[in-house]
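To start, the structure under review is shown below, and the notes come after it.
No value in this document is a laboratory result; all are computed from the given coordinates. Model, not experiment: these values are computed from the prediction. Every residue, glycine among them, receives a Cβ derived from its backbone with ideal geometry; neighbour counts consider all protein chains shown.
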Amino acid sequence: MPIEIKEMHIKINVDEGSNSGNTREDASEANKSTDAIISACIEGVMEILERQKER
């Protein structure tokens with residue numbers, strides 16, 4: 001006889017203040033990686049737009 005799960009409750013607690021550990025260096029590295037991701041996305045969008053113009 002199969003068992004059917006109709007509801008599942010998941011509970012998590014997030015405590016932001018207890019283990020912050022972020023220093024200015026970590027924040028600057030995060031900003032650099034974010035900037036790199038944004039640049040890559042912009043470059044990809046520009047390539048797509050150029051391909052659409054060629055059609």
request  = Using θ = phi - 60° and the Karplus relation 6.51 cos²θ - 1.76 cosθ + 1.60, list the HN-Hα couplings for region 5-13 in order, rounded to whole Hz, with x at every Gly or Pro.
outcome  = 9, 9, 9, 9, 10, 10, 10, 10, 10
request  = Please give the contour-minus-distance gain from Glu29 to Asn13: 0.36 nm per residue of separation, less the Cα-Cα distance, rounded to one decimal in nm.
outcome  = 3.1 nm
request  = Apply the Karplus parameterisation 6.51 cos²θ - 1.76 cosθ + 1.60, with θ equal to phi minus 60°, to every residue of region 39-52 and state each ³J(HN,Hα) to the nearest whole Hz, in sequence, with x for glycine and proline.
outcome  = 4, 5, 5, 4, 4, x, 5, 5, 5, 4, 5, 5, 5, 5
query = Where does the charge balance sit around Gly44 when Lys and Arg score +1, Asp and Glu -1, over other residues with C-beta under 12 Å from its C-beta?
reply = -2
message = Can you tell me which aspartates and glutamates have their Cα less than 13 Å from the Cα of Lys11? Leave out same-chain residues fewer than eight positions away.
response = none
